[in-house]
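Peer 1: One structure, pasted below without further comment.
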Amino acid sequence: MNPENLKHIYRAAFGSDFERAFFSPGRVNLIGEHIDYNGGNVLPCALGIGTYGAASRRDDRLVKLYSADFPDDGVISLDLDALANKPENGWGNYVAGMLKSIRTNYDVKSGFNLAVEGDLPKASGLSSSASLEMLVGCAVNTLFGLDIPGVDMALLGKKTENEFVGVNSGIMDQFAVQMGKKDHAVYLNCNDLRYEYIPLELGDCELLIINSNKPRALTDSKYNERFDECMRALGIIRGYIEADNLVGVGIDWFERNKGVLGDDVLIKRTSHVLYENQRTVMSVRALKGGDLKRFGEYLNESHASMRDLYEITGPELDSIAHAAQRQRGVLGARMTGGGFGGCAIAIVAKDEADDVIKNVGEAYTRETGYTAGFYTVKISGGPGAINI
């Protein structure tokens, strides 16, 4: 995407020039899926693709929004003092929710105009919603001098998702977007928010994102169902031991006592959570030691766990991951994100990437009828003002 387009988009929507422009990245999770709301470790990174925005303060209490990605929605109008989740607001509900969360503790002194355009594939699981939320946070922080710390901003985004939008997500998406660092992954403990930057040194390999082009919507999927299953398992286990979250149960106790769950589904869900958390810890160890081959094996194991134990892959993501895993030059591949559609990732040798894209694309279309999208991406820093 050419950020210069924002000038024309903003002027066409609002009839004037803007004050400041901003960029907020998307994110991809390398490993540690459905672990954030279970209090474990995740390893996401911010992407060089994301959401661009141009904004200007207004003299009234209205917030006017326009998205070049949803032109048929026209200009959406919000009342800064009456922010509510309304169907007619469409994508603007993420803005409304973020503003409502911010205004709990900070004074947004006036309304503003905001025009946005993104280059993240829609409904792909690359956190377009968190990217937008953190873009809004960055814009408001800058325009009104609020000085909201980065971790607090991520928590405000999580509050937006949980309490305003209605998705029982954890902190990972907003944290990865807000706290991203160029050429690094973010190793985050979602229980206490301790984090460490892990250099993502792929050498002769690169990160390939493969979009299934099967749209997903977390509020319409089984995402909340998986959350509820984990909470049910934790509730039963708390009748026997103290545990702050499901990861805190520990593998040893679970393997000795998993029969107390009395439900094969809950046993499978808990097993995925505990061993996926362990794979994340081991993946960081592998990356620090420069062992990309072992890291790739963990990716493959992660996909199998999400397929067989957490049951969130589906035929499209399985087709992509299995086809990629068979290719020469692929160290590992797995689905990423909430599941039920969206994207997979693969670690691919650069000199084999063209053949991998061709072969995986052909196999995927043959098996599912969908056409995959392929993206080789750079690892970005977090949101900020840009000059255009």
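The values are calculated or read from the model by the stated rules, or taken from the named source; none is laboratory data. In this text the structure is predicted, and so the values were computed from the model without any measurement. As a convention, Cβ positions derive from the backbone with ideal geometry for all residues, glycine included, and neighbour counts pool all protein chains shown.
Peer 1: Inspect segment 222-232 for any residue being surrounded by 20 or more Cβ atoms within 10 Å (Cβ to Cβ), of a type outside the set (Lys, Arg), within 30 Å of Thr365 (Cβ to Cβ) and assigned by TED's automatic domain parsing to the domain that holds Cys343 and give the result as yes or no.
Peer 2: Yes, there is a match, as at least one residue in segment 222-232 is surrounded by 20 or more Cβ atoms within 10 Å (Cβ to Cβ), of a type outside the set (Lys, Arg), within 30 Å of Thr365 (Cβ to Cβ) and assigned by TED's automatic domain parsing to the domain that holds Cys343.
Peer 1: Checking Leu156 against (1) within 24 Å of the chain's Cα centre (by Cα); (2) farther than 27 Å from Leu43 by Cβ; (3) of a type in the set (A, V, I, L, M), which test does it fail?
Peer 2: (2)
Peer 1: Picking from Ser302, Ser319, which residue would you name as being within 25 Å of Ala372 (Cβ to Cβ), buried (at least 21 other Cβ atoms within 10 Å of the Cβ), of a type in the set (S, T, N, Q) and under 20 Å from the mean Cα position of the chain (by Cα)? So that I can check it myself, show each step before the final result.
Peer 2: Details: Ser319 fails: under 20 Å from the mean Cα position of the chain (by Cα).
Just one listed residue meets the conditions, Ser302.
Peer 1: Take Ala68 and decide whether it is at pLDDT 95 or above and either in the same structural domain as Arg20 (by TED's automatic domain parsing) or in contact with a helix residue (DSSP H, G or I) (Cβ under 9 Å, 6 or more places away or on another chain) (or both).
Peer 2: On the way: at pLDDT 95 or above: yes; either in the same structural domain as Arg20 (by TED's automatic domain parsing) or in contact with a helix residue (DSSP H, G or I) (Cβ under 9 Å, 6 or more places away or on another chain) (or both): yes.
It is true that Ala68 is at pLDDT 95 or above and either in the same structural domain as Arg20 (by TED's automatic domain parsing) or in contact with a helix residue (DSSP H, G or I) (Cβ under 9 Å, 6 or more places away or on another chain) (or both).
Peer 1: It is to be established whether one or more residues within segment 246-254 are under 30 Å from Cys205 (Cα atoms), out of contact with any Leu (no Cβ under 9 Å at 6 or more places or on another chain) and surrounded by fewer than 20 Cβ atoms within 10 Å (Cβ to Cβ). Step through it out loud before you land on a result.
Peer 2: Restricting attention to segment 246-254, the residues satisfying the condition of being under 30 Å from Cys205 (Cα atoms) are none.
Scanning segment 246-254, I find no residue that is under 30 Å from Cys205 (Cα atoms), out of contact with any Leu (no Cβ under 9 Å at 6 or more places or on another chain) and surrounded by fewer than 20 Cβ atoms within 10 Å (Cβ to Cβ), so the answer is no.
Peer 1: Can you name every one of the strands (runs of 3 or more DSSP E) wholly within segment 29-109 that holds 3 or more residues which are hydrophobic (A, V, I, L, M, F, W, C)? Explain how you work it out, then say what you get.
Peer 2: Values: elements: 44-57, 62-67, 76-79.
Answer list for segment 29-109: 44-57, 62-67.
Peer 1: Please list, ordered by first then second residue, the pairs with beta carbon atoms under 6 Å, 6 or more apart or interchain, first in segment 170-195 and among the aromatic types (Phe, Trp, Tyr), second crowded, with 24+ Cβ neighbours inside 10 Å.
Peer 2: From segment 170-195, the pairs are Phe175/Ala154; Phe175/Leu188; Tyr187/Leu43; Tyr195/Val186; Tyr195/Leu188.
Peer 1: I'd like to verify a number: residues in segment 235-272 that are of a type outside the set (Gly, Ala, Ser), touching a residue at least 40 places away in the same chain (Cβ under 8 Å) and part of a helix (DSSP H, G or I), how many? Break it down into steps so the answer makes sense when it comes.
Peer 2: The initial filter retains those residues of segment 235-272 that are of a type outside the set (Gly, Ala, Ser), namely 236-238, 240-242, 244-247, 249, 251-258, 260-261, 263-270, 272.
Remaining after also requiring touching a residue at least 40 places away in the same chain (Cβ under 8 Å): 244-247, 268-270, 272.
Filter again for part of a helix (DSSP H, G or I), leaving 247, 268-270, 272.
Summing the residues that are of a type outside the set (Gly, Ala, Ser), touching a residue at least 40 places away in the same chain (Cβ under 8 Å) and part of a helix (DSSP H, G or I) in segment 235-272 gives 5.
Peer 1: Could you figure out which of (1) crowded, with 20+ Cβ neighbours inside 10 Å; (2) out of contact with any Ser or Thr (no Cβ under 9 Å at 6 or more places or on another chain); (3) more than 17 Å from Pro25 (Cβ to Cβ) isn't true of Asp147?
Peer 2: It fails just one condition, (1).
Peer 1: Out of all the residues in segment 64-84, which are of a type outside the set (Gly, Ala, Ser), over 20 Å from Arg11 (Cα atoms) and exposed (fewer than 15 other Cβ atoms within 10 Å of the Cβ)? Show your work before the answer.
Peer 2: Step one: filter segment 64-84 for residues of a type outside the set (Gly, Ala, Ser), giving 64-66, 69-73, 75-76, 78-81, 83.
From what's left, over 20 Å from Arg11 (Cα atoms): 79-81, 83.
Within segment 64-84, Asp79, Asp81 meet the criteria.
Peer 1: Residues that are farther than 24 Å from Gly170 by Cβ and in contact with a Cys (Cβ under 7 Å, 6 or more places away or on another chain), at least 3 per element: which strands (runs of 3 or more DSSP E) completely within segment 305-388 meet that? Walk me through how you get there before you give the answer.
Peer 2: On the way: elements: 330-336, 343-349, 373-376, 384-386.
Qualifying strands (runs of 3 or more DSSP E): 343-349.
Peer 1: Tell me the residue from Ile148, Ile102, Ile171 that is under 18 Å from the mean Cα position of the chain (by Cα) and β-branched (Val, Ile, Thr), please. Show your work before the answer.
Peer 2: Details: Ile148 fails: under 18 Å from the mean Cα position of the chain (by Cα); Ile102 fails: under 18 Å from the mean Cα position of the chain (by Cα).
The match here is Ile171.
Peer 1: Could I ask something else about it? Tell me yes or no: at least one residue of segment 178-196 is surrounded by 16 or more Cβ atoms within 10 Å (Cβ to Cβ), at pLDDT 95 or above and part of a helix (DSSP H, G or I).
Peer 2: Yes - at least one qualifying residue is present in segment 178-196.
Peer 1: I'd like to check something: does segment 356-373 contain any residue that is in contact with an Asp or Glu (Cβ under 6 Å, 6 or more places away or on another chain) and within 25 Å of Glu133 (Cβ to Cβ)?
Peer 2: no
Peer 1: Sticking with this structure for a sec: Looking only at residues in segment 110-149 that are in a loop (DSSP other than H, G, I, E, B) and hydrophobic (A, V, I, L, M, F, W, C), which one is farthest from Asp173 (Cα to Cα)?
Peer 2: Restricting to residues being in a loop (DSSP other than H, G, I, E, B) and hydrophobic (A, V, I, L, M, F, W, C), the top hit is Phe144.
Peer 1: Looking at segment 145-152, can you tell me whether even one residue there is over 18 Å from Ile386 (Cβ atoms), small (Gly, Ala, Ser) and modelled with pLDDT of 95 or more?
Peer 2: There is at least one residue in segment 145-152 that is over 18 Å from Ile386 (Cβ atoms), small (Gly, Ala, Ser) and modelled with pLDDT of 95 or more.
Peer 1: Please enumerate the residues belonging to segment 85-98 that are touching a strand residue (DSSP E or B) at 6+ places or on another chain (Cβ under 7 Å) and crowded, with 23+ Cβ neighbours inside 10 Å.
Peer 2: Once the filter is applied, which keeps residues that are touching a strand residue (DSSP E or B) at 6+ places or on another chain (Cβ under 7 Å) and crowded, with 23+ Cβ neighbours inside 10 Å, segment 85-98 yields Gly92, Val95, Ala96.
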